[in-house]
1. What net charge is computed for the residues neighbouring A:D157, neighbours being all others with C-beta under 12 Å from the C-beta of A:D157, Lys and Arg scored +1, Asp and Glu -1?
2. All other residues with a Cβ under 14 Å from the Cβ of A:E172 taken together, and with Lys, Arg as +1 and Asp, Glu as -1, what is their net charge?
3. Is the shape of the stretch B:7-79 best called rounded, prolate or oblate, per the rule: a/c under 1.5 gives rounded, else a/b larger than b/c gives prolate, else oblate, with a ≥ b ≥ c the square roots of the Cα gyration tensor eigenvalues?
4. Do any trypsin sites (Lys or Arg not before Pro) in the stretch B:1-108 lie in a loop, going by DSSP, with at most 14 other beta-carbon atoms within 10 Å of their beta carbon, and if so which?
5. How big is the gap, in Å, between the Cα center of the stretch A:92-137 and the Cα center of the stretch A:34-66?
6. Does the protein assembly as shown classify as rounded, prolate or oblate by the C-alpha gyration tensor (a ≥ b ≥ c root eigenvalues; a/c under 1.5 gives rounded; else a/b over b/c gives prolate, otherwise oblate)?
7. Taking the Cα centre of the protein assembly as shown as origin, work out the dipole magnitude from +1 charges on Lys and Arg Cβ and -1 charges on Asp and Glu Cβ, in debye rounded to 20.
8. Pairs of alpha-carbon atoms within less than 8 angstrom and 6+ residues apart define the contacts here; what relative contact order does chain A have, in percent?
Number of protein chains: 2
Amino acid sequence: MATSQQVKLLGFPGSPFVARAELALNLKGVKYEYIQESLTNKSDLLLKSNPVHKKVPVLLHNNKPVCESLVIVEYVDETWTGHPILPSDPYHRALSHFWSRFIEDKVLPAVFKAAWNPNKQEREKGAEEAREALEILDKELKVNGKFFHGDSVGFLDIAALIIFYWVPIIQEASEFNVYSGDKYPNIGKWGQEVLNDPDVKGVLPPRDVLLSFFKALFQSIVDSK
Amino acid sequence: MATSQQVKLLGFPGSPFVARAELALNLKGVKYEYIQESLTNKSDLLLKSNPVHKKVPVLLHNNKPVCESLVIVEYVDETWTGHPILPSDPYHRALSHFWSRFIEDKVLPAVFKAAWNPNKQEREKGAEEAREALEILDKELKVNGKFFHGDSVGFLDIAALIIFYWVPIIQEASEFNVYSGDKYPNIGKWGQEVLNDPDVKGVLPPRDVLLSFFKALFQSIVDSK
């Protein structure tokens, strides 16, 4: 287990993926230096640390880079003691892995297509795909406690936070409608618990700033047509 | 750790994803019952066990279902002792997770698009994307031993096996050309080691059977246009 360490996080304000890494580090009580990246002028450090995707977040632990938000969350869980993030039971770990893949592979690509595809028909198709994925999530995922697994924030809560907080803002900005807590009662109830957690609140960017950012992004897509 | 257990694997012959689960179980020496599924008439057991994706492989461990091939591999690693599949060091585990996501998210969708998209232009685009992804893999992935991590078959070797064995057969059947060991020397060398491993050999379906299957599949796509 790590003790005195140099920990840096390359991030960008407002990113739901960076928030995952921040939340994991905060839950473990890890002190780190936050290095803000520019999306239009990426630093040499970012390009060198994540040559494959060239994206934030990147965790630098004693100069070793770890990339991809959920890989970082799992790395943080395995490297520092304290608040457990993944369940210890292999079956519950498998469920966390399975559903996090579902969010990454099915929910998010559909939401992003609904929000930012330059073609209006494709955006509508994306919204439909997102609704289908969210219906499956609402029907099949079993929340086993206040949070996905037990009474403290864990891996899948961190993975799903983007649905609870960012998706409602993105859909308001991009004028589509796929998610509300009322429409999906099981996810809705779970999301409320997650959003009420003090550690989670600590990594949420201000709603109005995100809304303005996503509105401008959506407008630039509509205008470019 | 598990001792006397009921283990079943729902599979389909020739599937690279089922082969991953089989290889993990074999490496651990787990005895299991193989239940063959029909792709055109899926069993109630499959539909009940994997209601989200309705796909093989599904591992049933004392009737509890675990779905998605790499989730199964990790579950098997954590449930049974013996041959370690994921490295124990968190940083090397993170590298295994990172690169397995790259294979799942970048390499395979591009290869499948190159092979089976009904539109010829899309197939050519898929081939180009696959070549780009394989170039990154060849350039950036560092093999740390005979296999990806050390001298015995591990998680990323299992994840990448589809590239070494299935992709050359699929591209021959679908008349495109993205992968050869010569073109990508680092992956090529690694792939040779993986394919020469006796446990790996034990789960490889016969080449000629796969080639006929994929040729028929490709022909049905071309004919349907």
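Values in this text are rule-based calculations from the coordinates and carry no lab data. These numbers were taken from a predicted model, which means no experiment stands behind them. Note: ideal-geometry Cβ built from the backbone for every residue, glycine included; neighbour counts use all protein chains shown.
1. Net local charge, A:D157 excluded: -2.
2. 0
3. Prolate, because a/c is 1.5 or more and a/b exceeds b/c.
4. B:K31, B:K54
5. If you average the Cα positions of each part, the centres end up 26 Å apart.
6. It is rounded, given that a/c, with a ≥ b ≥ c, falls under 1.5.
7. In total the dipole reaches around 240 debye.
8. Averaging sequence separation for qualifying contacts and normalising by length gives 20 percent for chain A.
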